[in-house]
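Throughout, read-outs are computed from the coordinates displayed, never taken from laboratory work. Computed from a prediction, not measured in an experiment: that's the story for all the values here. Cβ placement follows ideal geometry from the backbone for every residue including glycine, while neighbour counts extend to all protein chains displayed.
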Amino acid sequence: MDLIEQEFSVAFRYPVHFTRGVFDPANPLFHRVVVGASPRLPADMVVVVDDGVARAHRGLIDHIQAYAGRHADGLKLTSAVLVVPGGEEAKNAPRHLESISRTIHDGALCRHSYVVAIGGGALLDVVGYAAATAHRGIRLVRVPTTVLAQDDSGVGVKNGINAFGKKNYFGTFAPPFAVINDFNFLSTLLDRDWLCGVSEAIKAALIKDAGFFDQLEREAPRLVARDADAMEETVRRSAALHLAHISAGGDPFELTSSRPLDFGHWAAHKLEQLSHNRIRHGEAVGVGIALDSTYAWIMGALPEEQWRRIIELLIGLRLSVFVPELAEALDDPDHPRSLFRGLPEFREHLGGELTVMLLRAIGEPFDVHEISPRAMIRSIDILRQVESARTTRAVDPPFAAPLSRGPS
C-alpha cells in the first residue's frame, strides 16, 4: 500500500482591543490596526453596519466616512457604507448575504483587503461568513456593539447563517483579523439587551471560573442599574475566558463531540427556533443554563445550595428561567415543537455522540451522553414554579416555598 501522510499546523493570532470612540478622528486605534499590517496602501475596505446600530447612533455613517477621509493615505472605502438588518433576520434571509457578498465583489477586494462588520452577534456572523467565503478568506475586522457580542460571539472564531430552520447550519471556522470592542456602543442598548448578554458571562463563569461567578453575584445590582464600569469589567473578563478556552482548550475548531462553550445551548437554540426568535439568544441561553443546572441538581450531581445560587443570579439579573416553549409537546419527543427535538439537532451540529455539559459545582463541569426525559420534564416543572412565584409575587423570594427534586 502506497501512502503519504501529511501533517501541518497553522498558528492564528488576533488582537481584541477595548476602547471608546473607535471612529473618533482623534482615536488612532482603527487606523493602526489596519494600516500596520497592510502590504500596500491605501488598504481597501468594505464596511457593513447593523441597521439598529445606525439608527441608535445617528452620526455613525458620517463618522466612518470622515475617519476614512482623514486617513485617506491608509484607508480606502470601496463603496458607500452598507447598512443591513441586524438580529436573526440577517442570518435567515439569503438576500442579506447576497448583498454583502456583492458589495465585496464590486469593490474588487482581495485577500489583503478588509471587511469591517459593525453590529450585534448575528450581523457579525453573516458578514463573517461572507468574508470567509470570498476568495477563501478576506481579512475581517469585527466591531461588536452588544454586550453578548463583546463578551462572547464577537471574540470567537465562528461565522454562520441559518438554513433549513436550523441555527448556523452553514458556517465557517475563520478567526477574525482583529476585534475592537467599543464600549460607547453599549450605552444605547435597551435594558433587555444590556442584561441578556450577561448570560454568556454567567455561562463562562459556571464552566471556567467560580471566582468570576462570585463577582457576578456581587455586581448584579450594579449591572441592573446600568453601571458602565461594572459592565466593562464583566465584558473584559468574559471575553478573556472565552479567548483562553479557544487558545488553550485544545479544540478551537470543535473537532470533538464536546463543546464546553455551548453549556446551556442545546435548549437555547431550540427555544429561539420555537419562538420564531421572539426570545433573544442571550435570553434563551439564560433559560438553557437554568434548565441544565436544575437537571444536574435533580440528578444528584449539583448541590442544592449552588443550584439556588445560579437561579437567584439569573433572576437577579432580570432574566427569565422559564418560557412557555419549554413545556410544549413534551409527551411526544418527535413532535416538531418538542424541546427534546433540540437534542438530536445539537448532536448533529456537534457530530459524534450526544454530549451535554452539566455541573458538579460552580466552576466544575462534566459531560454526559444521554438525558433522562423524565428528569428533564421535572426540571421544566420546577422552573415553571420558580418563574410563577417570581412573576406573581406569590412567594418572595422565589425559593421561600419548598421545592422537591422528586424521583429522577
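Taking 20 °C and 1.002 mPa s as conditions, the range 62-121 diffuses translationally at an estimated 165 µm²/s according to Stokes-Einstein applied to its Kirkwood radius (Cα pairs).
Does the range 1-107 classify as rounded, prolate or oblate by the C-alpha gyration tensor (a ≥ b ≥ c root eigenvalues; a/c under 1.5 gives rounded; else a/b over b/c gives prolate, otherwise oblate)? It comes out oblate by the Cα gyration axes.
Between 0 and 90 degrees, the angle of helix 265-274 with respect to the longest Cα principal axis of the chain falls at about 80 degrees.
Arg360 to Asp251: extension gain in nm, 0.36 nm per residue of separation minus the Cα-Cα distance? Show your work: numbers first, answer last.
Numbers: separation 109, 0.36 × 109 = 39.24 nm, distance 2.23 nm.
That works out to 37.0 nm of additional length.
Projecting the Cα atoms of Val47, Ser79, Leu140 onto the charge dipole of the chain, computed from C-beta unit charges around the Cα centre, puts Ser79 farthest toward the positive end.
The smallest convex shape that holds all Cα atoms of the range 123-280, its convex hull, gives 118 Å³ per residue. Across all C-alpha atoms in the chain, the radius of gyration and Dmax reach 21.9, 74 Å. Counting only alpha carbon atoms, the long axis of helix 373-392 and the longest principal axis of the chain meet at about 80°. One quarter of the convex hull surface built on the alpha carbon atoms of the range 191-400 amounts to 11.2 nm², the projected area averaged over directions. Of the trypsin sites (Lys or Arg not before Pro) found in the range 176-227, those that fall in a DSSP loop while having at most 14 other beta-carbon atoms within 10 Å are Arg226. Around the Cα centre of the range 276-373, unit charges on the Cβ atoms of Lys, Arg, Asp and Glu (plus for the first two, minus for the last two) sum to a dipole of about 420 debye.
Of Phe253, Ala178, Ser9, which is farthest along the charge dipole of the chain in the positive direction, counting Lys and Arg as +1 and Asp and Glu as -1 at C-beta? Of Phe253, Ala178, Ser9, it is Ala178. Principal axis extents of the Cα atoms in the range 139-210, from largest to smallest and rounded to whole angstrom, are 31, 27, 26.
What number, in percent, do you get for the relative contact order of the range 93-151 if the mean sequence gap of Cα pairs under 8 Å and at least 6 apart is divided by its residue count? Walk me through the intermediate numbers first.
On the way: 71 pairs, mean separation 22.5, N = 59.
With pairs under 8 Å counted, the relative contact order is 38 percent.
Taking the C-alpha atoms only, the angle from helix 121-133 to the longest principal axis of the chain is near 50 degrees. When shorter helices are ignored and each DSSP H run of at least 4 residues is given -39500 (n - 2.57), the per-residue value for the chain at 222 nm works out to -13500 deg cm²/dmol. Modelled this way, with points 7 Å down the Cα-to-C-beta line, the labels at His335 and Cys110 are 5.8 nm from one another. Note on Ala244 and Ala26: their simple-model spin labels are 3.6 nm apart, each label 7 Å out from Cα toward Cβ. Computed over all pairs of different Cα atoms, the Kirkwood value for the hydrodynamic radius of the range 16-188 is 15.7 Å. A simple charge model with +1 on the Cβ of Lys and Arg, -1 on the Cβ of Asp and Glu and nothing else charged puts the dipole of the range 191-400 at about 360 debye relative to its Cα centre. Reducing the range 353-389 and the range 55-134 to their Cα centroids gives an inter-centroid distance of 40 Å. Only Cα pairs under 8 Å and 6+ residues apart enter the sum, and on that basis the relative contact order of the chain stands at 12 percent. The magnitude of the dipole of the chain, with charges of +1 and -1 set on the Cβ of Lys/Arg and Asp/Glu and taken from the Cα centre, is near 800 debye. With Cα atoms defining each centre, the range 10-49 and the range 162-201 are spaced 19 Å apart in the structure.
Cα convex hull, the range 86-175: 80 Å³ per residue, rounded to a whole number. Loop-located chymotrypsin sites (Phe, Trp or Tyr not before Pro) in the range 127-201 (DSSP state other than H, G, I, E, B) with a sparse environment of at most 13 neighbouring Cβ atoms within 10 Å: Phe164.
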